[in-house]
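Quick note: the coordinates plus some simple rules give every number you see, no bench work behind them. Small disclaimer: the values here were computed from a predicted structure and weren't measured. Using ideal geometry, Cβ is built from the backbone for each residue, glycine included, and neighbour counts are taken over all protein chains shown.
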Amino acid sequence: MKKISIKLIFILIVINISAQTKSGKLTGDTSLPSTTEELAKIAAFEKGDYKYSVEDYFIKPKQSHFRLSPDGKYLSYREKDENGKKHIYIKDTETNIVTRALEEDKELITWYGWANNNRLVYTHDQGGNENYQLFAVDIDGSNFKPLTPFENVQVEILESLEEQPDYMIIEMNKDNPQIFEPYKINIVTGEVHKLYDNKNVNSPISLYVFDKDGNLRGFSKLENEKYSVLYYRTSENTPFEIIKSTNWKESFDINEFNPATEYKHDAYIISDLDSDTKEILLYDLKEKKIIKKIYRDNTYDVDQFYLSKNRNHEIDYYSYTGVKNVIIPVSDTYKKLHKKFENQFKGKQFFISSVSDKEDKYLIKVTSDKLYRTYYLYNTEKDSFKKIFDLMPQLKEEDMAEMQPIQFESRDGLTIHGYVTIPKQLKDGEKVPMIVLPHGGPHSTRDSWGFRRSDQLFASRGYATLRVNFRGSGGYGKMFERAGYNQVGRKMLDDLEDAVAYIKKQGWINENKIAIYGSSYGGLATLGSLVKTPDLYACGVDNVGPSNLFTLLNSMPPYWKPYIDLWCERWYNPEIAEEKNIMKEVSPALNADKITKPIFVIQGANDPRVNINEADQIVRNLRQRGYDVPYMVKYNEGHGFRREENRIELYKTMMGFFAKHLK
């Protein structure tokens, strides 16, 4: 189950604003969005007879989201009907009998999983507002139960309890919207029991640590506005004591307790206290000492590791994201499995999506830069692979473009990594337009090698794409990430410019036909680039991007107030005169007079992270100066478009916009 680390808390700037008030009035300036007819005229600029349509790339797969039940008897998946709704089905892996367990209604299911062998849990919000509620249902569709039917309350699953299959540990901000507290919930009856009081709104607990029995063993909280403090107790009858106090810029996170020993204080830790990159440690929480340093890569942060449930919980493998995903086999058993997987899926990346408790069945996701996703079921007893489903069979590998890793040196000497996708039909000596795609975040996240639907769509229309892991991106060690602090709108954009300069030297880019398109922080980078280097780009597309750092900061909800100082350390502090001036300089809405190139703006009205006011500001400011700014707003979407029809319309309009300005 997903856990939140204090190091990750600042990736998402969660702004709890609903697009619709209780009176039913839509938020934002409703006079600003372009009409459907106006957007259709832009889409019409794309002309040509292409083998694959926008729908081919962005239609939702017929089946997806495959999961094995804990006992491996069932395979669950989502299947799309003729109306685009994605229901949840259960398939018996022996008899192949299929049952529909759940029907998706008006609100989209955002996540689902197995709670035990007989029951599923799932979440949805309201129109993308990210106030997720939790529901449960038996695998035959009976005993449906809303588990957290609370208005304006967010819920997150913290732990599944394998030895108590009818219970889970969740957290909610039910009693106080400013803070989250842990609960033990019965997934059959819905009964909840609070496990700990989190009352200090000035120093709230950000991470709870439970063991397999559901006992609260530790927690992390922010103290003195800059320190992450880990508390631990040796038994239920002893008080919590400080185990480790670290600067917020460093990591020391309990991944899980060591189940291979009866000594209950051993835990696996992922930390970068003693190294630049994150490493796996075995740590004695009672004695406060490292037992063993298990694994570290010198260049990349470790992502995860897997413990076998059947072989005394030995480590099967480690993994990290390098140029591509890297899996390092450890146990003898998994080494043999890994070799078998490599031979079966030659030239492809593979990921273990789920495994049965007996480890006799493995659900494997296979992918590459040219293959979206194909799922296989491997049976260890039969030593057999069975292809389950090819999610996008309409896109043939032989027609897809190759994603190539790149590496270059920035103007101030940093090594920067990225990826380019070049149109398959590129001829010798030909120069093509290019679209730069800065990722979101911006900190603690990165771009990686693999299939990107947008990149393949762009390549099919003759556009190259460039993805850059600029300074501040995650995965390359703490010093590289820190190099991006206080550099929004400055050196982080320099890295994009240096990447473009590097590609120009390769000789296959039309230097007058370069666009930039990003979402979330990538949208801010798009706007910022059009302000900072207006002559470099021919046009830009801003998707749910902030435009004004002052209004972005001021729209944070109460429960983010304890973390505002940390946001200011990563971004800028308006209380410091010099940094306030920088915020003015790098806020695109305050510098709209410097934007001279066409821009297309996209926004989900229910966006809880980037308020619709951010998009409204930049559109209004540019239109007041006489610019024609196409503006797409969807009132049933949040931070990014999830609905199939909206996403297809978005990309059809975007392709027309690029055709108009890049061809």
Exercise. What is the gain in length, in nm to one decimal, between residue 30 and residue 351 on full extension, counting 0.36 nm per residue of separation less the C-alpha to C-alpha distance?
Worked result: 111.1 nm
Exercise. Which angle from 0 to 90°, rounded to the nearest 10, does the C-alpha axis of helix 332-344 make with the longest principal axis of the chain?
Worked result: 40 degrees
Seminar exercise, completed: If the label point sits 7 Å along Cα→Cβ of residue 247, residues of region 274-300 with amide N under 13 Å come out as 274-276
Seminar exercise, completed: Inter-part gap, Cα centre of region 362-430 to Cα centre of region 505-547, in whole angstrom, is 25 Å
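For region 570-635, which trypsin sites (Lys or Arg not before Pro) pass both filters: DSSP loop (anything but H, G, I, E, B) and at most 16 other C-beta atoms within 10 Å? Intermediate values should be presented prior to the final figure.
Working: sites: 570, 580, 584, 594, 609, 620, 623, 625, 634; in loops: 609, 625.
Here the sparse-neighbourhood loop sites are 625.
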Exercise. When the Cα centres of region 224-298 and region 37-94 are compared, how far apart do they sit, in Å?
Worked result: 41 Å
For this session: Name the shape class, rounded, prolate or oblate, that the alpha-carbon gyration tensor gives for region 393-435, where a ≥ b ≥ c are the square roots of its eigenvalues, rounded holds for a/c under 1.5, and otherwise prolate holds if a/b is larger than b/c and oblate otherwise.
Result: oblate
For this session: Mind checking which lysines have their Cα closer than 22 Å to the Cα of residue 336? Skip sequence neighbours fewer than 8 apart in that chain.
Result: 309, 324, 346, 348, 358, 361, 365, 382, 386, 387
Problem set entry | Among 377, 84, 507 - extreme Cα towards positive end, dipole of the chain, charges at beta-carbon | 507
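To the nearest 20 Debye, how big is the dipole of region 221-364 about its Cα centre, given +1 on the beta carbon of each Lys and Arg and -1 on that of each Asp and Glu?
With Lys and Arg at +1 and Asp and Glu at -1, about 540 debye.
Tell me the trypsin sites (Lys or Arg not before Pro) within region 208-313 that lie in a loop according to DSSP and have at most 13 other beta-carbon atoms within 10 Å. Show your work: numbers first, answer last.
Working: sites: 212, 217, 221, 226, 233, 244, 249, 264, 278, 286, 288, 289, 292, 293, 296, 309, 311; in loops: 212, 226, 233, 249, 264, 278, 286, 288, 296, 309, 311.
Here the trypsin sites (Lys or Arg not before Pro) that fit, given the DSSP loop and packing criteria, are 226, 288.
For the chain, what is the mean residue ellipticity at 222 nm derived from helices alone (per DSSP H run of n ≥ 4: -39500 (n - 2.57); sum divided by total residues; nearest 500 deg cm²/dmol)?
Details: 12 runs with 120 residues, N = 663.
About -5500 deg cm²/dmol.
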For this session: Any chance you could give the angle, 0 to 90 degrees and rounded to 10, that helix 612-624 forms with the longest Cα principal axis of the chain?
Result: 0 degrees
Exercise. What is the spin-label model distance, in nm, from residue 284 to residue 505 if the labels are put 7 Å beyond Cα along the C-beta direction?
Worked result: 5.3 nm
Exercise. Given H placed on each backbone N at 1.01 Å, which residues far from residue 127 in sequence or on other chains put an amide H within less than 5 Å of it?
Worked result: 108
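For region 131-172, rounded, prolate or oblate, judged on the Cα gyration tensor with a ≥ b ≥ c (square roots of eigenvalues), a/c < 1.5 rounded, else prolate if a/b > b/c? Mind dumping the intermediate values first?
On the way: a/c = 3.02, a/b = 1.18, b/c = 2.55.
It comes out oblate by the Cα gyration axes.
Give the relative contact order (percent, whole number) for the chain; include only Cα pairs under 8 Å separated by 6+ residues. It would help to have the intermediate numbers written out before the result.
On the way: 1469 pairs, mean separation 90.5, N = 663.
Relative contact order of the chain: 14 percent.
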Exercise. In terms of Cα to Cα distance under 23 Å, which lysines are near enough to residue 184, apart from those fewer than 8 places away along the same chain?
Worked result: 2, 3, 145, 174, 194, 199, 212, 221, 264
Exercise. Label points 7 Å out from Cα along the Cβ direction at residue 234 and residue 409: separation in nm?
Worked result: 5.4 nm
Exercise. Could you give the dipole magnitude of region 21-166 about its Cα centre, charging the beta-carbon of Lys and Arg +1 and that of Asp and Glu -1, in debye to the nearest 20?
Worked result: 320 debye
For this session: Just name one of 573, 550, 529: the one whose Cα is farthest towards the positive end of the charge dipole of region 474-588 (beta-carbon charges, Lys/Arg +1, Asp/Glu -1).
Result: 529
Exercise. Does region 368-471 classify as rounded, prolate or oblate by the C-alpha gyration tensor (a ≥ b ≥ c root eigenvalues; a/c under 1.5 gives rounded; else a/b over b/c gives prolate, otherwise oblate)?
Worked result: oblate
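Can you tell me the convex hull volume per residue for region 313-418, based on C-alpha atoms, in Å³ to the nearest whole number?
On the way: hull volume 14.1 nm³, N = 106.
Spelled out: Cα convex hull of region 313-418, divided by residues, is 133 Å³.
For region 36-186, what's the relative contact order in percent, using C-alpha pairs closer than 8 Å and at least 6 residues apart? List each step's numbers first, then the result.
Values: 267 pairs, mean separation 16.7, N = 151.
Here the relative contact order equals 11 percent.
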Exercise. So how strong a dipole does the chain carry about its Cα centre when Lys and Arg Cβ are +1 and Asp and Glu Cβ are -1, to the nearest 20 debye?
Worked result: 1240 debye
Exercise. Does anyone have the angle between helix 577-586 and the longest principal axis of the chain? Alpha-carbon axes, 0 to 90°, nearest 10?
Worked result: 70 degrees
Problem set entry | Cα coordinate range in region 215-327, projected on the principal axes (Å, largest first) | 44, 38, 20
Problem set entry | Options 120, 30, 435, ranked by Cα towards positive dipole end of the chain, top entry (Cβ charges) | 435
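Which whole-number value in Å³ per residue fits the convex hull of the alpha carbons of the chain? Working shown, then result.
Working: hull volume 106.9 nm³, N = 663.
Cα convex hull per residue, to the nearest whole number: 161 Å³.
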